[in-house]
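Accompanying notes for the structure given below.
The values are calculated or read from the model by the stated rules, or taken from the named source; none is laboratory data. This is a predicted model, so every value here is computed, not measured. In this analysis, Cβ positions are derived from the backbone assuming ideal geometry, glycine residues included, and neighbour counts consider all displayed protein chains.
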Amino acid sequence: MGQTDGLQQSGVSILKADIHLAPSILSADFAHLGTQVEEALIAGADYVHVDVMDGHFVPNITIGPLAVRAIRPIAQQYGATVDVHLMITQPERYLADFARAGADVITVHVETCPHLHRTVQAIRELGARPGVTLNPATPLVALEEILPYVDLVLVMSVNPGFGGQSYIPTSTAKIRRLRAMLDAIGSTAELEVDGGIKPDNAAGIAAAGATVLVAGSAVFGGPRSIAENIRAFERALNP
Ligand code: DX5
Ligand code: ZN
């Protein structure tokens, strides 16, 4: 990961060529959001994960297109992917707003999209890369027909709504099954995993077939600096 010019110039060692770290800004200090995102990107992250919640699909309310617009130039400076995870009902109403704000990837929940194929097409037509995701109890079969059309599939390894929850252990088998499904159709879509990822379980999740690891509290929380937290992922993924 982290193979952009900016990161190479900064002399930071990369985590692992095929694994991307996606810090979730949900756990960042919003009074210093730009500085914290930049610190994560300098340290080797190459995605910025934006958790959008509406108080309907999930109990929590967070942020919207304005936050995406604010972090977009920082992400661009480091060649990072702006990765927007929509945990909202009727996401199709807001796709254009997020695309205009600078989202590179827009991921929708299968549970919120009765016309998922149409929604995925709409994301692509807006110039963003479409992603789909599903809650821990939603079976992978719900995604089977849409896999050929997406650039990213996200496995939720916690129930969406809050940062800082524990990884649901059965997610690893689900990741393995999804990896097999993607490989069977020759898909090059990223397989992202979100929720409860720490340095001590990151390698196992990557070994199961994940290519993008979301981490919120493990990057922005705790007593250590953001850079030190990312170095802990780097060590875990490059033993
Ligand atoms: C949960 C969000 C996650 C969350 C991850 O609804 O989608 O992205 O912020 O946070 P941690 O890494 O703390 O579980
Ligand atoms: Zn998320």
Worksheet item: Just one of the numbered conditions (1) more than 17 Å from the chain's Cα centre (by Cα); (2) within 30 Å of Glu38 (Cβ to Cβ); (3) away from ligand 1 (no atom under 11 Å from the Cβ) is not true of Gly221; which one?
Response: (3)
Worksheet item: Just wondering, is there one or more residues in segment 174-187 that are modelled with pLDDT of 95 or more and within 20 Å of Val84 (Cβ to Cβ)?
Response: no
Item to complete: Could you check how many residues of segment 132-167 are under 17 Å from the mean Cα position of the chain (by Cα) and either β-branched (Val, Ile, Thr) or closer than 16 Å to Met87 by Cβ (or both)?
Response: 20
Practice prompt. Sort out which residues of segment 184-220 are more than 18 Å from Ile106 (Cα to Cα), of a type in the set (Val, Ile, Thr) and within 16 Å of ligand 2 (Cβ to nearest atom), and write them in order of number.
Written response: Ile197, Ile205, Val219
Worksheet item: Counting only residues that are in contact with an Asp or Glu (Cβ under 9 Å, 6 or more places away or on another chain) and farther than 19 Å from Val132 by Cα, which one in segment 210-221 is surrounded by the most Cβ atoms within 10 Å (Cβ to Cβ)?
Response: Gly216
Practice prompt. Could you list, in sequence order, all residues of segment 187-209 that are without any contact (Cβ under 8 Å) to a residue 40 or more places away in the chain, small (Gly, Ala, Ser) and surrounded by fewer than 21 Cβ atoms within 10 Å (Cβ to Cβ)?
Written response: Ala203, Gly204, Ala207, Ala208, Gly209
Fill in: Answer residue from segment 150-183, given it is touching a helix residue (DSSP H, G or I) at 6+ places or on another chain (Cβ under 7 Å) and under 17 Å from Thr112 (Cβ atoms) and is farthest from ligand 2 (Cβ to nearest atom) among those
Val150
Discussion item. Out of Val68, Val37, Val58, Val84, I need the residue that is closer than 19 Å to Leu134 by Cβ and touching a helix residue (DSSP H, G or I) at 6+ places or on another chain (Cβ under 8 Å). Which one?
Written reply: Val84
Discussion item. Within segment 163-183, does at least one residue satisfy the condition of being within 15 Å of ligand 1 (Cβ to nearest atom), aromatic (Phe, Trp, Tyr) and not in a helix (DSSP H, G or I)?
Written reply: yes
Practice prompt. Just give me the residues in segment 140-159 being outside any strand (DSSP E or B) and buried (at least 18 other Cβ atoms within 10 Å of the Cβ), in sequence order.
Written response: Leu143, Val150, Asp151, Ser157, Val158
Discussion item. Against the definition (small (Gly, Ala, Ser) and buried (at least 19 other Cβ atoms within 10 Å of the Cβ)), how does Ala137 come out, yes or no?
Written reply: no
Item to complete: Output yes when any residue across segment 194-205 is touching a Ser or Thr at 6+ places or on another chain (Cβ under 7 Å) and over 30 Å from Val141 (Cβ atoms), and no when none is.
Response: no
Worksheet item: What number of residues within segment 160-178 are in contact with a strand residue (DSSP E or B) (Cβ under 8 Å, 6 or more places away or on another chain) and surrounded by fewer than 19 Cβ atoms within 10 Å (Cβ to Cβ)?
Response: 1
Worksheet item: Counting only residues that are small (Gly, Ala, Ser) and closer than 18 Å to Gly209 by Cα, which one in segment 124-158 is nearest to ligand 1 (Cβ to nearest atom)?
Response: Ser157
Worksheet entry | Breaking point among (1) more than 14 Å from ligand 1 (Cβ to nearest atom); (2) touching a residue at least 60 places away in the same chain (Cβ under 8 Å); (3) at negative phi, for Gly79 | (3)
